[in-house]
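Student: I'd like to ask you about the structure that follows.
Read-outs throughout are calculated quantities, based only on the coordinates presented, and are distinct from any laboratory measurement. Since the structure is predicted, the reported quantities are computational estimates derived from the model, not experimental observations. In this analysis, Cβ positions are derived from the backbone assuming ideal geometry, glycine residues included, and neighbour counts consider all displayed protein chains.
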Amino acid sequence: MGRSAQLSGPRDLLRSRASRLYAAAMPGTLLVNPRSGGSDAADALIRSAKERGIRVSVLEDGEDPADAARAAPDGPLGMAGGDGSLGAVADVAIERDVPFVVVPLGTRNHFARDAGLNRDDPVTGLEGFDGEERRVDVGRAGERLFLNNASLGIYARLVHQREHHRRRRDALARARALALAVVHRHETAFTVDGEPVVTRAMLVANNHYDLTLFNLGARERLDTGELHLSIAHGLLPNTWEERAGRSFTVDTARHRAVVALDGEPAALTTPIEFRSEPRALRLLLPPRT
């Protein structure tokens, strides 16, 4: 969904105008993860936000972004961080029915990229507080929200191993995790909507990605109302079988699955119902120029 994409229709245009008036009356709150993007970038962003009259809440080490979002005053909720920080605050924005602002301050920022934001200039993301509202989809794994995707199999194990080494302050966390994932070549047995599936990797995406080995391409749309489930084939996942639908139920014989949600590790009891919540999130985007 590039910045050239149009709002869906008159109803969206009315919502967009209403959201601009709402944002003007209530500048909103920006939560900042200072450990994303480096301290200099975070400091510059905080200064710029305060100059715009936006309330700023800097998250302490270990502080839950969702708790901070629930404690914020009325008005738009913004999150400055990487993909792992966004989902928790987006979930609270849906819960409170307030607009959500994305300020890319992390490493990959897939959601910001696909929303058409400039990932190299976090300060421009602040323009969303005075921007246009667009309704976009979110995905759920059980009750857990994801904005981008949920992965199972080799990718999920890679994320869990990376996090394990990171907690041990291992500077080579990602390389070690990748090496471990390549060494362990076993496949995992799942069922998808009752059908047996054996694969090394499975991805449930909120809208459609172009997939290559260990890489996610961009999404053209964030509002189709569909999940795309991709099942990898081959020793290294280089071909994908794709299915589209509003929901999928994934089960395992152990009734527990290692999962990565937007790149963050989780362990979920199976069966897991993955479902789309179409247009559930009120996303505020910078005005078009």
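Student: Highest mean first, what order results for 86-99, 116-129 on Cβ atoms within 10 Å? All intermediate terms of the calculation are to be shown ahead of the outcome.
Tutor: Working: 86-99: 21.1, 116-129: 19.0.
Peptide ranking by packing, descending: 86-99, 116-129.
Student: While we're on this one: Roughly what percent of Cα-Cα pairs across region 38-99 reach past 16 Å? The partial results should precede the final answer.
Tutor: Values: 865 of 1891 pairs.
In whole percent, the share of Cα-Cα pairs in region 38-99 beyond 16 Å is 46.
Student: Please list, in chain and number order, the residues 5+ apart from Val197 or on another chain whose amide H is under 5 Å from its amide H, with Hs placed from the backbone.
Tutor: Phe190, Thr191, Val192
Student: Using θ = phi - 60° and the Karplus form 6.51 cos²θ - 1.76 cosθ + 1.60, what ³J(HN,Hα) does each residue of region 140-146 get, whole Hz, x for Gly and Pro?
Tutor: 3J(HN,Hα) across region 140-146, in whole Hz: 10, 10, x, 9, 7, 7, 9.
Student: So if I place +1 on the C-beta of Lys and Arg and -1 on the C-beta of Asp and Glu, and nothing else carries charge, what would the dipole magnitude of region 194-280 be about its Cα centre? I want it in debye, nearest 20.
Tutor: Values: 9 positive and 12 negative charges, 34 e Å.
The calculation lands at about 160 debye.
Student: For the peptides 199-211, 275-287, what is the packing order when you average, over each peptide's residues, the other Cβ atoms within 10 Å and list the highest mean first?
Tutor: 199-211, 275-287
Student: Shifting gears a bit: Between rounded, prolate and oblate, where does region 25-135 land on the alpha carbon gyration tensor, with a ≥ b ≥ c its root eigenvalues, rounded for a/c under 1.5, else prolate if a/b exceeds b/c? Before the final figure, lay out the partial values.
Tutor: Working: a/c = 1.20, a/b = 1.13, b/c = 1.06.
Because its axes are fairly even, with a/c under 1.5, region 25-135 counts as rounded.
Student: Taking amide H atoms as placed 1.01 Å from N in the peptide plane, list the residues 5 or more away in sequence, or in a different chain, whose amide H sits under 5 Å from that of Val138.
Tutor: Long-range HN contacts for Val138: Glu277, Arg279, Ala280, Leu281.
Student: From the phi angles alone, apply the Karplus equation (6.51, -1.76, 1.60; θ = phi - 60°) to region 119-134 and give each ³J(HN,Hα) in whole Hz, x where the residue is Gly or Pro.
Tutor: 6, 8, 9, x, 4, 5, x, 5, 5, x, 5, 10, x, 9, 8, 9
Student: List, in order, the whole-Hz ³J(HN,Hα) value for each residue of region 102-107 obtained from phi through the Karplus relation with A = 6.51, B = -1.76, C = 1.60 and θ = phi - 60°; use x for Gly and Pro.
Tutor: Each residue of region 102-107 in turn: 9, 10, x, 9, x, 8 Hz.
Student: Which net charge results for the neighbourhood of Ala112, defined as the other residues with beta-carbon distances under 10 angstrom from its beta-carbon, given Lys and Arg at +1 and Asp and Glu at -1? Before the final figure, lay out each step's value.
Tutor: Working: positive: Arg108, Arg113, Arg119; negative: Asp83, Asp114.
With Lys, Arg at +1 and Asp, Glu at -1, the neighbours total +1.
Student: Counting only residues 5 or more places away or on other chains, whose amide H sits under 5 Å from the amide H of Gly78 once H atoms are built in the peptide plane?
Tutor: Sorted by chain and number, the residues that satisfy this are Thr29, Leu30, Leu31, Val101.
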